[in-house]
Amino acid sequence: MNNIIKKRNLALDLFKVFLAFLVICIHFAGEAYPFFPLYRLAVPTFFMISGYYNYHPEREVREKKTRAFLSRSVKYMVFGFGLYVVFDFFLCYAEGKGVGYYFTTLFHDDLFLDFFFLNTPVTYSGYQLWFLIALLVLSLIHFLMVKHRKEKWYYLLVPACIAIYLFFSGYMHLLQYTDMPIRYTRNALFFGLPNFALGYLMAKHFGGKAVSGGKKALFLALGVLFFFLQIAESRIVVMEMYLSTLLSAFFFLRFLTSLQGCRGRLYYKIFGKDLSFSIYLLHVAVGIVLGKFVTFEEPMFKCAAVLLLSILLHLAGRALSIPAKKLWKRIFDALPTFN
């Protein structure tokens, strides 16, 4: 526990929980969200945070972090899709659609293309899992770039990917309301990659440097300013990604990574370090089940209820995992060793 507390940034972890709530608003409130489209801050910031913490000034450590990131991305994706494959099975059964319908929605002719290139989630209900596919694609690209020492390419890829994305944003907007899955192409290559790379370059140039109180206040003010500028932009232009969102994420991350001194011993003891990921992973299933029992007239009340239930499920999972880990350790220790 002490190692976790020393290495983690409590303010950033709490901010990630807020971002996870914004993701819930994306899926269950939509344009009914009172401050639409402020929830767009969530996903770019998550990508940026991943890039930031994958940088280290020492090459050997950086390569280890890269391999760990790739391994972790695989585990996250396998676990996430495994969870929703099981959930989909019971959901289809409960809705009387049958096992045949379930498997025809899970497997199709262009599975490989849709999955790895278009980042299309292939589960029946786990539409938020595109993020895990995009994260896997990013981790593989980053692994190859670090392995072959091509990280300087990020200086070209960031503006190029953003320019390509903005150029096609109107085209993507027209397509996203059709049956064509092409809108997901943006996720890894033209949406995730520049935000990830920007976080990586931010850590390279600014990570570890002391920040004065005046600059911290400026970063926070700029983050808030660009955050609320999204409202104005939604009424002026139609784009999938706002430059103000990217700038807001950048300044919020600069502010949060400059904070020190708050270890959050009690927080990590209760919630652990993966609360935001659990909320992200669980919220769609929680929202679907909750919607079958409760009718909400106010979308934000439903979002708040989904957040609370997701947190409670996370706590229940932690309570069950602790004795399970001890049991597995006892079994493992009791097994004979072979020299």
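The values are calculated or read from the model by the stated rules, or taken from the named source; none is laboratory data. Source: prediction; values computed, not measured. For neighbour counting, all protein chains shown are included, and Cβ atoms are generated from backbone atoms with ideal geometry for every residue, glycine included.
Tabulated data
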item: Total residues in segment 187-204, condition under 18 Å from residue 131 (Cα atoms), in contact (Cβ under 8 Å) with a residue 40 or more places away in the chain and among the hydrophobic types (A, V, I, L, M, F, W, C); result: 7
item: Some residue of segment 26-33 being under 14 Å from the mean Cα position of the chain (by Cα) and small (Gly, Ala, Ser); result: no
item: Number of positions in segment 277-291 that are touching a residue at least 12 places away in the same chain (Cβ under 8 Å) and over 28 Å from residue 73 (Cβ atoms); result: 1
item: Filter result (at pLDDT below 90 and either within 24 Å of residue 76 (Cβ to Cβ) or part of a helix (DSSP H, G or I) (or both)) within segment 292-306; result: 299, 300
item: Flag if residue 296 is of a type in the set (Phe, Trp, Tyr) and farther than 18 Å from residue 131 by Cα; result: yes
item: Qualifying residue in segment 183-200 (condition: out of contact with any helix residue (DSSP H, G or I) (no Cβ under 8 Å at 6 or more places or on another chain) and at pLDDT below 85); result: no
item: Residue count for segment 221-236, restricted to those that are over 22 Å from the mean Cα position of the chain (by Cα) and modelled with pLDDT of 85 or more; result: 3
item: Qualifying residue in segment 69-80 (condition: more than 25 Å from residue 202 (Cα to Cα) and modelled with pLDDT under 75); result: no
